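These notes are about the structure you will find just below.
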Amino acid sequence: MPTVNTVREHGDEPVTMLTAYDAPTAKVVDEAGVDLILVGDSVGNAALGYEDTLPVTVDEIASTTGAVARATEDAVVVADMPFLSFGADLAESVQNCGRMLKEEDADAVKLECGPHTVELTERLTDLGIPVMAHLGLTPQHVNQLGGMFRQGTEQEAAERMLDLAREHEAAGAFSLVLEHVPANVAGDITDALDIPTIGIGAGPDTDGQVLVVSDVLGISENSPPFSKQFGDVRSEMERAIGDYVNAVESGDFPAEEHSHVEEDVDDLY
Ligand code: KIV
Ligand code: NA
C-alpha cells in the first residue's frame, strides 16, 4: 500500500497520480491502483464552474478532500491548497494545511511553490504534515505570468527552478510536481533530486505522471494540449441522459418493473 514514504523512496516503477473530486470517481481511481489521488484545486474548473482555480476556497477543498478520502482505501490522498490559503501568514497557513489532515483525512498537502514556501514546507514537515511541492507552471500565478505558458524556457529561469526544487527537497518535501516545463529541464531536475518528480506536460523523464481525471475521461470541455484523453465519457453521458429524457417524454419510463401497486390500500377517492 502506498504511503508518503514509499512514494519518497520510489524505486524504478513510475509513480502514478490522478485527480479526483468526488467519492465514486475516487473509488474507481483508487481501485485502479494509482499511488496518489490529488484533490486538485483544478476542482474549480473541473467541477465548480469557475474560470480558473483562483476562486477556490479552503472550505471547497476541505469538503472535496473529505469526499475523496472517505472513498479511498489505498492511495495517498493529497489536498491541493488553494490560492491565498497559504504563503501570506505562517500560522494561518499551518492551520489551513493541518485542517486537511485533522478534519478531512488527507495524507498530505500540495503547495504551489516559490521562495515564499521553503520555510512553510519545513514547518509543515516538522509538524507532521507531508508536503508535495509544485514548480513550473503554477496556475495560481496566472495573473503574474500573463497566461498559462510553459515555464523554465530560458537558462536563468530553468536554473532558478532547479534551485527551488533543491530547496524544497531540503526543506522536507516528499515529492515534486513539475507542470508545463521543457522535457529536458524536467529530466535534469529529476536527476538532481532524490525525491520523485511527478510531471504534467513535462515529458517522459520525470519519475511519475499526473493528469486531471476529467481530461483522462473525456468530460472536460477544453483540456491542455499536453493532456491525453483515454476515454469518451461525455458521449456516454449525453447518450444516457438523452435516452432518459426521451423515455420520460414518450411514457416508456417508468415501466411496470419500476413501479409497485399496493393492494392493501383501497381507492382513496
Ligand atoms: O489542481 C491540479 O489538478 C493540479 C495538477 C495539474 C498537478 O495541480
Ligand atoms: Na492545482
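The values are calculated or read from the model by the stated rules, or taken from the named source; none is laboratory data. Here the structure is a predicted model, which means the values were calculated and not measured. We place every Cβ from the backbone using ideal geometry, glycine too, and count neighbours over all the protein chains shown.
In region 87-143, how many residues are over 17 Å from the mean Cα position of the chain (by Cα) and hydrophobic (A, V, I, L, M, F, W, C)?
Matching residues across region 87-143 total 10.
Output the helices (runs of 4 or more DSSP H) that fall wholly within region 1-70 and possess 3 or more residues being at pLDDT 95 or above and out of contact with any Phe, Trp or Tyr (no Cβ under 9 Å at 6 or more places or on another chain), or say none. Spell out how you get there, then give the answer.
Details: elements: 4-8, 23-31, 43-46.
Answer list for region 1-70: 23-31.
Could you tell me how many of the residues in region 220-244 are free of Cβ contacts under 8 Å to residues at least 24 places away in the same chain, assigned to a loop (DSSP other than H, G, I, E, B) and surrounded by 15 or more Cβ atoms within 10 Å (Cβ to Cβ)?
Number satisfying all stated conditions: 2.
Are any residues in region 94-113 within 16 Å of ligand 2 (Cβ to nearest atom), closer than 13 Å to L124 by Cα and not hydrophobic (A, V, I, L, M, F, W, C), and if so, which ones?
First, pick out the residues of region 94-113 that are within 16 Å of ligand 2 (Cβ to nearest atom): 96-97, 100, 106, 108-113.
Imposing the further condition that a residue be closer than 13 Å to L124 by Cα reduces the set to 96-97, 100, 108-111.
Of everything in region 94-113, those that are within 16 Å of ligand 2 (Cβ to nearest atom), closer than 13 Å to L124 by Cα and not hydrophobic (A, V, I, L, M, F, W, C) turn out to be N96, K110.
Taking region 136-149 on its own, how many of its residues are within 14 Å of ligand 1 (Cβ to nearest atom) and out of contact with any strand residue (DSSP E or B) (no Cβ under 6 Å at 6 or more places or on another chain)? Write out each step before concluding.
To start, the set of residues in region 136-149 that are within 14 Å of ligand 1 (Cβ to nearest atom) comprises 136-142, 148.
Now narrow it down to the ones that are out of contact with any strand residue (DSSP E or B) (no Cβ under 6 Å at 6 or more places or on another chain): 139, 141-142, 148.
Summing the residues that are within 14 Å of ligand 1 (Cβ to nearest atom) and out of contact with any strand residue (DSSP E or B) (no Cβ under 6 Å at 6 or more places or on another chain) in region 136-149 gives 4.
Each row is one residue, and each column tells you yes or no for (1) among the hydroxyl-bearing types (S, T, Y); (2) out of contact with any helix residue (DSSP H, G or I) (no Cβ under 7 Å at 6 or more places or on another chain).
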| residue | (1), (2) |
| --- | --- |
| A192 | no, no |
| T206 | yes, no |
| F226 | no, yes |
| N246 | no, yes |
| E249 | no, yes |
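Are any residues in region 121-135 within 16 Å of ligand 2 (Cβ to nearest atom) and out of contact with any strand residue (DSSP E or B) (no Cβ under 9 Å at 6 or more places or on another chain), and if so, which ones?
Across region 121-135, there are no qualifying residues.
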